[in-house]
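Below: one structure, written as structure tokens.
The values are calculated or read from the model by the stated rules, or taken from the named source; none is laboratory data. As the structure is a computational prediction, the values presented were derived from the model and not from experiment. Here the Cβ positions follow ideal geometry from the backbone for every residue, glycine too, while neighbour counts run over all protein chains shown. What goes into the accessible areas is simple: the full protein's heavy atoms, side chains included, and nothing from ligands, DNA or RNA. Shrake-Rupley method; radii C 1.70, N 1.55, O 1.52, S 1.80 Å.
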Amino acid sequence: MPKDGGIGASSKRREDVRFLTGRGRYTDDINLNNQTYAWFLRSEVAHGTINAIDTSAAEAMDGVVKVFTARDFEGVGGVPCGWQVTDRFGNPMKEPKHPVLAEGKVRHVGDPIAVVVAESEAQARDAAEAIAVDITELPAVMDMKAALADGATKVHDDLDDNLCYDWGFVEENREAVDAAIAEAAHVTTLELTNNRLVANPMEPRVAVGDFNPGTEDYTLYTTSQNPHVIRLLMGAFVLGIPEHKLRVIAPDVGGGFGSKIYHYAEEAFVTFASAQVRRPVKWTSTRSEAFISDAHGRDHVTKIELAMDADHNFTALRCDTYANMGAYLSTFAPSIPTWLHGTLLAGNYRTPLIYTNVKAVFTTTTPVDAYRGAGRPEATFQLERVIDKAARELGVDPAELRRKNFIKPEEFPYQTPVAVVYDTGNYHATLDKGLEMAGVDTFEARCAESAANGKLRGLGIAHFIEACGIAPSNLVGQLGARAGLYESATVRVNATGSISVMTGSHSHGQGHETAFPQVVAEMLGIDEGMVEVVHGDTANTPMGMGTYGSRSIAVGGSAMVRATEKIINKAKKIAAHLLEASEADIELADGQFSVAGTDKSVAWGDVTLAAYVPHNYPLEDIEPGLEETAFYDPSNFTYPSGAYICEVEVDPDTGKVEVLGFTAADDFGNVINPMIVEGQVHGGVAQGIGQALLENCAYDENGQLLSGSYMDYTMPRADDLPMFEVDHSCITPCTHNPLGVKGCGEAGAIGSPPAVVNAVIDALHRGGHTHVTHIDMPLTPSRVWAAINGQ
Amino acid sequence: MTSVTITVNGQSRSGDVEGRTLLSTFLRDQLTLTGTHVGCDTSQCGACVVHVDGEAVKACSVLAADVDGAEITTIEGMANADGSLGVIQQAFQDHHGLQCGFCTPGMVMSAAALLKENPKPTEAEVRHYLEGNICRCTGYHNIVKAIMAASGQDVAPPMAAE
Ligand code: FES
Ligand code: FES
């Protein structure tokens with residue numbers, strides 16, 4: 001029987017009602033009294049020296065309140081980076097200043113030079129066009145390898161070169177890996193690019209700064225996945241505003257996918273400018289602006305080598321990656337190609353020796369940071385592509401080669417050679433489940449059908465692992481994180497028994513308002529409608545780290561469980577007093593406290609009322625009230641895994657790829673709301689198919705963005721995608737968090753790109769085009785056609 | 001400035017607009033009907049779809065001054081008279097056809113226009129019709145299901161735990 005509430009029920013989302021009736025409250029829906037509007041004048045060139053900025057004509061225009069340039073930001077900090085990577089020689093990464101507005105130089109198309117604040121957005125925009133900027137253009141720095149050559153143009157004049165860091169992991173394994181590769185019976189090598197992407201949440205970024213001259217408090221409304229992180233970074237590092245004078249509110253947020261984690265210059269600008277002009281300042285990004293100012297994702301160039309013995313056991317793996325940082329270091333950028341990538345290179349396999357070298361490079365492009373999956377898709381893509389290539393070279397079934405090298409179910413917990421310990425998993429089960437769901441036994445018949453129509457059919461498998469819920473604070477601190485990664489929750493039980501849960505997690509589509517109450521209601525045995533989630537406002541939620549890295553239920557949910565446990569403990573003491581029984585005898589079930597073995601009981605509502613009207617109350621033992629806070633710091637990452645299987649049809653005459661079927665068999669541990677989990681997988685898979693076939697953030701050699709709008713950047717549309725087959729019935733619960741959950745937000749985007757590419761290569765091979773061993777994403781018709789035709 | 005009067009969701013509303021003011025801006029900023037969203041500046045995303053005289057129109061591609069006198073329906077006008085969710089809205093909730101909700105108003109308005117002209121569309125027809133509406137969250141799977149369900153056709157319910 002499907003449950004109709006609590007953990008495991010597909011409860012309908014309560015937040016949907018406001019979204020479906022136009023009553024959501026997104027940041028751009030907020031308009032404050034006496035508000036002004038900001039318009040950013042951005043660099044049109046990738047690289048140049050600013051000789052002069054003449055704002056006089058703009059200042060004289062109708063409605064203009066003030067024009068800002070870097071000069072107004074003297075004494076203001078740069079936009080900080082939240083993660084310091086140490087290179088393989090023990091030196092800290094290079095960390096150039098990222099000014100709020102360009103100081104003397106512009107370093108990418110979109111770098112903000114000046115801002116007009118005016119009475120209306122139209123007036124601000126008009127005035128920005130009247131600002132005269134004299135720029136001497138410098139050569140763009142685009143190709144990562146060329147950027148590291150001697151004498152290359154430098155993005156940052158005060159640095160020695162364009163290398164941010166040269167990182168090795170596990171550095172002690174470097175020589176052993178090389179030796180194992182040299183000795184191997186077979187080595188498969190693959191060079192590939194993980195294409196640069198733009199996250200493109202449908203809601204563009206918006207920020208409204210509101211300085212209150214009476215109290216000297218600042219409020220920032222912003223499209224953020226983590227308002228407390230913005231408060232900390234902006235308050236402490238950029239503007240010098242202490243937390244108690246700065247409130248950050250991220251109301252309804254229209255998707256993030258990583259791009260709304262970071263602290264952006266525009267947020268600091270509106271907050272600062274509001275105090276300068278003594279009025280609220282609002283900035284709304286256009287989509288065109290989003291393409292050049294939201295942090296981009298991926299953009300790795302990699303060579304991967306997989307060594308095997310004569311029995312096809314993996315013996316060593318080496319990966320050399322160039323990772324594009326863009327012009328400045330975005331908040332988490334340095335961690336993506338390193339700790340979120342290198343530690344995942346064991347994948348699901350027993351490879352004993354692994355070494356990765358990562359060179360992070362500054363270029364004159366928009367900063368690059370996490371995008372759904374962040375480092376883990378890059379690791380999975382290389383690994384699952386090189387394994388597929390190896391299977392083809394060895395003439396073995398790609399599923400068999402994987403099975404042979406999988407970590408076995410009985411080997412958990414499993415210490416990988418790349419630092420992390422997988423707590424649980426059963427990769428054989430998910431692979432078998434996926435293959436069964438995808439109907440592989442009848443695949444040959446479908447191939448014949450396609451062949452009869454002049455098409456080539458192919459099947460691609462990928463099996464992924466990810467590290468989610470990031471992660472133990474002391475560990476990430478050692479790895480360079482400048483923040484803790486716990487999560488928090490306050491459970492406030494009201495006098496009549498209803499509950500407000502204040503969480504540091506943030507929902508921007510994930511359905512926390514529905515799923516979180518399912519957990520609390522289950523624990524207390526009450527109706528989930530009695531529990532309401534409060535999130536997104538630093539003024540009324542405990543300090544939390546927000547939502548990314550598939551961490552909300554695994555870390556935020558665990559904090560909520562811990563706080564609810566404290567509530568239960570205290571409520572039992574109150575119940576014991578009311579029932580004149582011993583606390584040890586009190587049981588809680590279905591919202592009733594009862595004395596074990598008797599028919600004496602007291603209802604939840606009576607206990608909560610007693611807590612706030614403590615007339616008959618153990619005042620000598622416990623305080624009145626019923627409100628508890630917990631901070632939960634996980635002891636390990638969680639490790640979701642799964643088998644993704646893609647079936648495609650390729651038209652050999654045009655190179656067009658059609659995705660005919662897509663299967664995802666995931667192990668997410670326990671699942672709170674299956675409907676929401678499946679929705680997360682659907683969305684992630686769509687983004688992964690988008691990366692594999694459609695999406696590409698392309699620059700020309702002068703640093704001009706070629707794909708700067710939806711006319712050029714190919715977002716997946718409804719008719720590009722099939723219905724998906726998804727399953728999460730293979731469950732190995734996480735052993736180190738109270739819910740046994742692993743997280744599901746990024747899986748789809750991690751597992752799907754290699755499945756799609758493997759399927760296309762399979763189709764081409766079945767069609768006799770065996771010379772094609774790899775095609776770089778996105779696999780557009782022209783690229784596939786060129787590969788078929790040897791061009 | 002030009003004076004514009006339109007009937008929105010059955011109510012007559014007026015305002016003064018510049019020649020360049022888009023219908024989407026007029027609805028959101030002057031009439032405070034913020035359910036109509038703006039997701040792009042190239043008329044590609046469909047977050048802004050409203051009905052103008054019964055036709056689905058991208059409100060970011062129309063000048064407010066050009067719709068003087070028109071009858072306009074926005075997402076705020078799609079619920080039943082008693083305030084409960086309309087059939088399409090209810091199907092979106094039942095089938096989890098939305099996550100962040102940003103594309104949703106446009107999706108619902110497009111779906112309503114589709115079902116008016118094609119009351120029993122095939123899955124392929126639904127996908128084709130949604131060409132002008134981008135959703136980044138759902139992968140469209142549940143949006144398509146919701147629209148099929150709203151048209152009275154059988155679709156499997158969202159998976160429930162055992
Ligand atoms: S805002 Fe109208 S189509 Fe994007
Ligand atoms: S629900 Fe977020 S864009 Fe569609």
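With a requirement of 2 or more residues that are modelled with pLDDT under 95 and open to solvent by less than 20 Å² (accessible area, probe 1.4 Å), none of the strands (runs of 3 or more DSSP E) lying completely within region A:35-106 satisfies it. Looking across region A:1-16, the residues that are among the aliphatic types (A, V, I, L, M) and under 26 Å from the mean Cα position of the chain (by Cα) come down to A:Ile7, A:Ala9.
Okay, residues lined up against (1) within 14 Å of chain B (Cβ to nearest Cβ); (2) more than 16 Å from ligand 1 (Cβ to nearest atom); (3) open to solvent by 10 Å² or more (accessible area, probe 1.4 Å):
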{"position": "A:Phe272", "(1), (2), (3)": "no, yes, yes"}
{"position": "A:Arg287", "(1), (2), (3)": "yes, no, no"}
{"position": "A:His296", "(1), (2), (3)": "no, yes, no"}
{"position": "A:Ala310", "(1), (2), (3)": "no, yes, yes"}
{"position": "A:Leu317", "(1), (2), (3)": "no, yes, no"}
{"position": "A:Gly326", "(1), (2), (3)": "no, yes, no"}
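Screening region A:14-40 for residues that are within 14 Å of another protein chain (Cβ to nearest Cβ) and aromatic (Phe, Trp, Tyr) and picking the one that is farthest from A:Arg205 (Cα to Cα) gives A:Phe19. If I filter region A:241-264 down to residues being buried (at least 24 other Cβ atoms within 10 Å of the Cβ) and more than 16 Å from ligand 2 (Cβ to nearest atom), which single residue comes out as farthest from A:Val116 (Cα to Cα)? My answer is A:Ile261. Selection within region B:117-146: residues that are more than 7 Å from chain A (Cβ to nearest Cβ) and without any contact (Cβ under 8 Å) to a residue 12 or more places away in the chain. The member of this set that is least open to solvent (accessible area, probe 1.4 Å) is B:Asn118.
So that you can scan it fast, the table gives a plain yes or no per residue for (1) more than 14 Å from chain B (Cβ to nearest Cβ); (2) surrounded by fewer than 17 Cβ atoms within 10 Å (Cβ to Cβ); (3) closer than 19 Å to A:Asp369 by Cβ:
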site	(1), (2), (3)
A:Glu191	yes, yes, no
A:Arg196	yes, no, yes
A:Arg205	no, no, yes
A:Gly214	yes, yes, no
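Among the conditions (1) open to solvent by 10 Å² or more (accessible area, probe 1.4 Å); (2) assigned by TED's automatic domain parsing to the domain that holds A:Gly209, A:Thr27 misses just one, which is (1). Within the option set A:Ser11, A:Ser43, being touching a residue at least 12 places away in the same chain (Cβ under 8 Å), within 14 Å of another protein chain (Cβ to nearest Cβ) and of a type outside the set (Phe, Trp, Tyr) holds for one residue only, A:Ser11. Checking B:Gly101, B:Gly46 one by one, the residue that is on the phi > 0 side of the Ramachandran plot and outside the structural domain of B:Val126 (by TED's automatic domain parsing) is B:Gly46 and no other.
Among the residues of region A:695-728, those that are out of contact with any strand residue (DSSP E or B) (no Cβ under 6 Å at 6 or more places or on another chain) and at the interface with chain B (Cβ under 8 Å from one of its Cβ atoms) comprise A:Ser709, A:Tyr710, A:Met711, A:Met715, A:Pro716, A:Arg717, A:Ala718, A:Asp719, A:Leu721, A:Met723.
Residue-level check: of (1) buried (at least 24 other Cβ atoms within 10 Å of the Cβ); (2) closer than 23 Å to A:Val476 by Cβ, A:Glu384 misses just (2). Summed over region B:63-78, residues that are more than 12 Å from the chain's Cα centre (by Cα) and either open to solvent by less than 30 Å² (accessible area, probe 1.4 Å) or more than 15 Å from ligand 1 (Cβ to nearest atom) (or both) total 8.
Name the residue that is nearest to ligand 2 (Cβ to nearest atom), counting only residues in region B:22-44 that are among the hydroxyl-bearing types (Ser, Thr, Tyr) and in a helix (DSSP H, G or I).
Let us first name the residues in region B:22-44 that are among the hydroxyl-bearing types (Ser, Thr, Tyr), namely B:24-25, B:32, B:34, B:36, B:42-43.
In the following step, the residues that additionally are in a helix (DSSP H, G or I) were identified as B:24-25.
Numbers: B:Ser24: 17, B:Thr25: 21 Å.
Within region B:22-44, the match that is nearest to ligand 2 (Cβ to nearest atom) is B:Ser24.
Residue-level check: of (1) open to solvent by less than 40 Å² (accessible area, probe 1.4 Å); (2) more than 10 Å from every other protein chain (Cβ to nearest Cβ), B:Cys100 misses just (2). Residues of region B:44-53 include at least one that is more than 12 Å from chain A (Cβ to nearest Cβ) and without any contact (Cβ under 8 Å) to a residue 40 or more places away in the chain. The set of residues in region A:666-684 that are within 14 Å of the chain's Cα centre (by Cα) and within 7 Å of chain B (Cβ to nearest Cβ) contains only A:Gly683. Comparison of A:Thr380, A:Thr366 shows that the only residue that is touching a His at 6+ places or on another chain (Cβ under 6 Å) and among the β-branched types (Val, Ile, Thr) is A:Thr366.
Just one of A:Thr430, A:Thr366 is closer than 30 Å to A:Cys697 by Cβ and in contact with a strand residue (DSSP E or B) (Cβ under 7 Å, 6 or more places away or on another chain); which is it?
A:Thr366
Go through region A:687-708 and give me each residue that's in contact with a Cys (Cβ under 9 Å, 6 or more places away or on another chain) and open to solvent by less than 10 Å² (accessible area, probe 1.4 Å). A:Ile689, A:Ala692, A:Ser707 - these are the residues of region A:687-708 that are in contact with a Cys (Cβ under 9 Å, 6 or more places away or on another chain) and open to solvent by less than 10 Å² (accessible area, probe 1.4 Å).
Anything in region B:20-36 that is open to solvent by 10 Å² or more (accessible area, probe 1.4 Å) and within 13 Å of ligand 1 (Cβ to nearest atom)? List them, or say none. B:Leu22, B:Thr25, B:Arg28, listed by residue number. If only residues of region A:482-524 that are modelled with pLDDT of 95 or more and in a loop (DSSP other than H, G, I, E, B) are counted, the one that is farthest from the other protein chains (Cβ to nearest Cβ) is A:Ala495. Counting residues in region B:81-88 that are of a type in the set (Ser, Thr, Tyr) and open to solvent by less than 10 Å² (accessible area, probe 1.4 Å) gives zero.
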